[in-house]
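As structure tokens, the structure follows; a few thoughts come after it.
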Amino acid sequence: MTEVRVVAPAKVNLRLCILGRRPDGYHDLHTLFQAVDLHDVLHVRRAGAGVQLVVEGGDAGPVEENLVARAARAFLAAASLNEEGLRMRLEKRIPVGAGLGGGSSDAAATLLALDRLFPGAMAPGRIADLASGIGSDVPFFLGTSPLALGRGRGEVIEAVEPLPSLAGVVVLPPVQVSTRDAYRELAWAREDDRLSTHVALGAPTDWDEAVAGAANDFEVVVCRTHPPVADALAALRATAPLVALLSGSGSASFAFYHSAGSAKRAAAGLSQSAEFRVFTVRTLTAWPNRT
């Protein structure tokens, strides 16, 4: 095999509880990840020398800083394959800086692609270690289920039996939210020593449990400091969804519905506003790259 194509899905957080600051400067957290079918596509082939990446369809910043390039270099170095050359092309569809995990998913897709191109070059445990070092959300995208609990700084993953697929809408206002700033605002907003505004969530066995536990500690502060995010979330909630929530530290918000028809009508109504980008999605019940 000399060339592979890997789909890199987005994620939303059905619950996100920010706990105490760790000695390494990160925060412990409890989250419930759910992958959706909005996705990037990564093409990787063995050729030439060095790592070359072309990004199409979105502004993902300097190529050398892209998590795809970082993940590829880390894999080749760890597997003692520094003489190998890679030509990579990333079709970028997941919005950048939106709390949808696009960069982390792209990094995971890179590790999956290279594991196929160089079978047996690296043990699964070593790949997992690389994933954790690249980004806190990367291990989720390498996990066994598209629904999973995340603990630690998000890298400790507990797979959850997938729930039936739901149709949904993702709304993106014209702002980006700095995760670092969101953490700082959250710290300022907390007036006492509480670690989180919410209790930790166990694994849901149905959508009623998932919805009952839906919450995001960042929502109040991000909506306050970024009014377009508040407007987008309010517009989503006005469509009578099953659940509507900020994803990660934003700026994207999402909603899921009882029926595909409800989601389609909501998307059509929201699309009439020039203030938002609107994406229709479905929750995944299986990863697209594992068969």
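The values are calculated or read from the model by the stated rules, or taken from the named source; none is laboratory data. In this text the structure is predicted, and so the values were computed from the model without any measurement. Here Cβ is always computed from backbone atoms with ideal geometry, including for glycine, and neighbour counts include all displayed protein chains.
Out of ASP115, ASP106, which single residue is of a type in the set (D, E, K, R), in a helix (DSSP H, G or I) and within 14 Å of the chain's Cα centre (by Cα)? Reasoning before the result, please.
Working: ASP115 fails: within 14 Å of the chain's Cα centre (by Cα).
Only one candidate qualifies: ASP106.
Restricting ARG153, ARG126 to those that are in a helix (DSSP H, G or I) and more than 19 Å from PRO288 (Cβ to Cβ) reduces the list to ARG126. Per the conditions (1) in contact with a strand residue (DSSP E or B) (Cβ under 7 Å, 6 or more places away or on another chain); (2) surrounded by fewer than 21 Cβ atoms within 10 Å (Cβ to Cβ), the sole criterion not satisfied by PHE118 is (1).
Per the conditions (1) crowded, with 23+ Cβ neighbours inside 10 Å; (2) without any contact (Cβ under 8 Å) to a residue 24 or more places away in the chain; (3) not aliphatic (A, V, I, L, M), the sole criterion not satisfied by ASP129 is (1).
If we keep just the residues of the range 43-69 that are in a strand (DSSP E or B) and in contact (Cβ under 8 Å) with a residue 40 or more places away in the chain, which is surrounded by the most Cβ atoms within 10 Å (Cβ to Cβ)? Outline the logic, then answer.
Of the range 43-69, the ones in a strand (DSSP E or B) are 43-46, 50-56.
Retained after the next criterion (residues that are in contact (Cβ under 8 Å) with a residue 40 or more places away in the chain): 43-46.
Details: HIS43: 16, VAL44: 26, ARG45: 17, ARG46: 16.
Among those residues, the one meeting the criterion is VAL44.
Among the numbered criteria (1) out of contact with any Asp or Glu (no Cβ under 9 Å at 6 or more places or on another chain); (2) farther than 18 Å from VAL55 by Cβ; (3) buried (at least 23 other Cβ atoms within 10 Å of the Cβ), which one does ASP137 miss? Against the list (1) out of contact with any Asp or Glu (no Cβ under 9 Å at 6 or more places or on another chain); (2) farther than 18 Å from VAL55 by Cβ; (3) buried (at least 23 other Cβ atoms within 10 Å of the Cβ), ASP137 comes up short only on (1).
Please go through the range 151-167 and pick out each residue that is out of contact with any helix residue (DSSP H, G or I) (no Cβ under 6 Å at 6 or more places or on another chain) and closer than 17 Å to PRO204 by Cα.
Step one: filter the range 151-167 for residues out of contact with any helix residue (DSSP H, G or I) (no Cβ under 6 Å at 6 or more places or on another chain), giving 151-154, 156, 158-162, 164-166.
Residues satisfying the conditions are ARG151, GLU158, ALA159, VAL160, GLU161, PRO162, PRO164, SER165, LEU166.
One residue stands out in the range 208-241 among those that are within 19 Å of VAL12 (Cα to Cα) and free of Cβ contacts under 8 Å to residues at least 12 places away in the same chain: the one that is surrounded by the fewest Cβ atoms within 10 Å (Cβ to Cβ), namely ASP208. Scanning the range 166-183 for residues that are in contact with a strand residue (DSSP E or B) (Cβ under 9 Å, 6 or more places away or on another chain) and surrounded by fewer than 16 Cβ atoms within 10 Å (Cβ to Cβ) yields a count of 1. Would you be able to say whether some residue in the range 77-99 is of a type outside the set (Gly, Ala, Ser) and in a helix (DSSP H, G or I)? The answer is no, given that none of the residues of the range 77-99 is of a type outside the set (Gly, Ala, Ser) and in a helix (DSSP H, G or I). A single entry from ALA72, ALA79 fulfils the requirement of being surrounded by fewer than 20 Cβ atoms within 10 Å (Cβ to Cβ), on the phi < 0 side of the Ramachandran plot and not assigned by TED's automatic domain parsing to the domain that holds TRP207: ALA79.
Among the numbered conditions (1) farther than 21 Å from GLU275 by Cα; (2) over 22 Å from the mean Cα position of the chain (by Cα), the only one that ALA240 does not meet is (1).
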